[in-house]
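Peer 1: Okay, here's the structure, questions in a sec.
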Amino acid sequence: MGRALGTLSCSFLLLLSLSLPTVPGSPHRLRRQPRPGGRFSGSQAADTACKNRPLDLVFIIDSSRSVRPEEFEKVKIFLSEMIDTLDVGERTTRVAVMNYASTVKVEFPLQTYFDKASMKEAISHIEPLSAGTMTGLAIRTAMDEVFTEEMGTRPASFNIPKVVIVVTDGRPQDQVQDVAASAQTAGIEIYAVGVDRADMQSLRIMASEPLDEHVFYVETYGVIEKLTSKFRETFCAANVCALGTHDCEHVCVSNGESYLCDCYEGYTLNPDKRTCSAVDMCEPGRHDCDQICVSNNGSYVCECYEGYTLNPDKKTCSAMDMCAPGRHDCEQVCLSNDGSYSCDCYEGYTLNPDKKTCSAVDMCAPGRHDCEQVCLRDDLFYTCDCYQGYTLNLDKKTCS
């Protein structure tokens with residue numbers, strides 16, 4: 001937008017309705033849809049039959065020193081009223097809120113709340129940071145920390161637009177051009193809302209193209225709430241997927257005036273083209289477990305055979321030392337054997353039928369000693385003796 005619009009009504013005419021690109025892999029862009037007569041109608045924007053297309057939507061709000069406390073409260077009302085216009089939910093629009101000044105605070109990421117009441121309650125407790133205006137840092141934080149799958153952003157295969165709405169009343173104190181360009185290259189669409197003292201050139205630098213569809217200005221925080229109906233019109237998606245009239249079990253993908261069904265990762269579309277079944281991730285070739293694969297609802301975990309332990313990589317297994325103290329029940333000798341073990345006995349003892357305990361061998365049993373006449377057992381040892389009338393020779397074995 002080359003200049004601040006003279007009246008609020010004129011600036012509102014620049015807002016747009018949702019239309020998504022059909023070229024695979026191209027960045028998601030919210031496009032204006034024509035209305036009868038070529039103009040946008042507020043009553044049409046309020047049409048309850050038009051829900052917003054699922055989005056991963058991040059609000060970045062300026063709470064620097066220039067934003068007075070009563071003005072910041074109006075920003076929070078604006079956020080709450082925006083949430084009221086959205087089709088919020090885990091499978092529809094996810095919302096995150098970031099608060100920035102000289103520092104950046106993620107008030108809540110995309111995966112925290114999936115209902116309007118909880119979001120609005122969290123927004124009501126946001127406090128201003130009251131320092132500088134590091135808008136570039138805020139956009140960088142959104143790109144690096146908030147728009148991640150760990151923080152709730154849906155995978156690219158889900159075809160969910162990533163959208164940022166920046167609300168500011170000042171001039172950034174850091175560089176925004178390069179970081180905004182990087183965010184847009186990463187598929188993030190940026191709307192810049194300027195209030196009162198906002199620098200229009202900075203808004204144009206950070207916003208996505210076309211600028212007249214992504215840069216907005218209002219003269220005071222007192223009228224910022226009126227943007228809600230216009231953003232609702234911008235995000236309006238009069239298609240089967242957004243209206244909720246489809247019968248896809250997992251994911252609905254708009255296809256012009258029709259739709260196709262898809263499934264979450266780890267699931268496959270059934271022959272009915274509507275429902276989904278968990279993929280058996282433990283089929284040969286699907287997993288990288290060394291020993292045992294346990295299927296887990298579209299995912300899997302690895303386990304090991306008895307006598308083995310799972311390595312830190314959670315995939316391979318190593319044999320445990322089964323003869324370590326406390327691991328075996330051998331009475332005398334434990335013999336480790338590649339994840340298993342067997343028991344043995346000391347010399348002079350024999351293994352009992354239970355294969356664990358040992359009994360002393362009778363050293364005077366026939367064939368076990370070399371006494372010529374009499375064998376006298378002494379625990380694990382023996383001595384020789386002679387019958388009456390004989391004497392033991394010097395070899396301690398024979399008698400004369």
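Peer 1: If I ask for residues that are closer than 16 Å to Ser208 by Cα and either open to solvent by 50 Å² or more (accessible area, probe 1.4 Å) or at pLDDT 95 or above (or both), which ones from region 117-137 would you list?
Peer 2: Hits for region 117-137: nothing passes.
Peer 1: Pick from region 294-314 the residues that are in a loop (DSSP other than H, G, I, E, B) and loosely packed, with under 15 Cβ neighbours inside 10 Å: which of them is nearest to the chain's Cα centre (by Cα)?
Peer 2: Asn297
Peer 1: Considering only region 199-208, I want to know if a residue exists there that is under 33 Å from the mean Cα position of the chain (by Cα) and either without any contact (Cβ under 8 Å) to a residue 24 or more places away in the chain or surrounded by fewer than 21 Cβ atoms within 10 Å (Cβ to Cβ) (or both).
Peer 2: Checked region 199-208: at least one residue is under 33 Å from the mean Cα position of the chain (by Cα) and either without any contact (Cβ under 8 Å) to a residue 24 or more places away in the chain or surrounded by fewer than 21 Cβ atoms within 10 Å (Cβ to Cβ) (or both).
Peer 1: While we're looking at this one, here's another question. Residues in region 364-371: is at least one more than 30 Å from Ser342 (Cβ to Cβ), at pLDDT 90 or above and not in a loop (DSSP other than H, G, I, E, B)?
Peer 2: no
Peer 1: Tell me, please, whether a residue that is outside any loop (DSSP other than H, G, I, E, B), of a type outside the set (Ser, Thr, Tyr) and closer than 30 Å to Pro284 by Cα can be found in region 381-389.
Peer 2: No, there is no match, as no residue in region 381-389 is outside any loop (DSSP other than H, G, I, E, B), of a type outside the set (Ser, Thr, Tyr) and closer than 30 Å to Pro284 by Cα.
Peer 1: OK, next. If only one of Val104, Val97 is at pLDDT 85 or above, in the same structural domain as Ile188 (by the TED database) and open to solvent by less than 20 Å² (accessible area, probe 1.4 Å), which one is it?
Peer 2: So the residue among Val104, Val97 that is at pLDDT 85 or above, in the same structural domain as Ile188 (by the TED database) and open to solvent by less than 20 Å² (accessible area, probe 1.4 Å) is Val97.
Peer 1: Give the residues of region 322-371 that are over 30 Å from Cys399 (Cβ atoms) and among the hydrophobic types (A, V, I, L, M, F, W, C), sorted by residue number.
Peer 2: Met322, Cys323, Ala324, Cys330, Val333, Cys334, Leu335, Cys343, Cys345, Leu351, Cys358
The values are calculated or read from the model by the stated rules, or taken from the named source; none is laboratory data. Here the structure is a predicted model, which is why all the values come from computation and not from measurement. No Cβ is skipped: glycine too gets one built from the backbone with ideal geometry, and neighbour counts run over all protein chains shown. Surface accessibility is based on the protein's heavy atoms, side chains included, excluding ligands, DNA and RNA. Shrake-Rupley method; radii C 1.70, N 1.55, O 1.52, S 1.80 Å.
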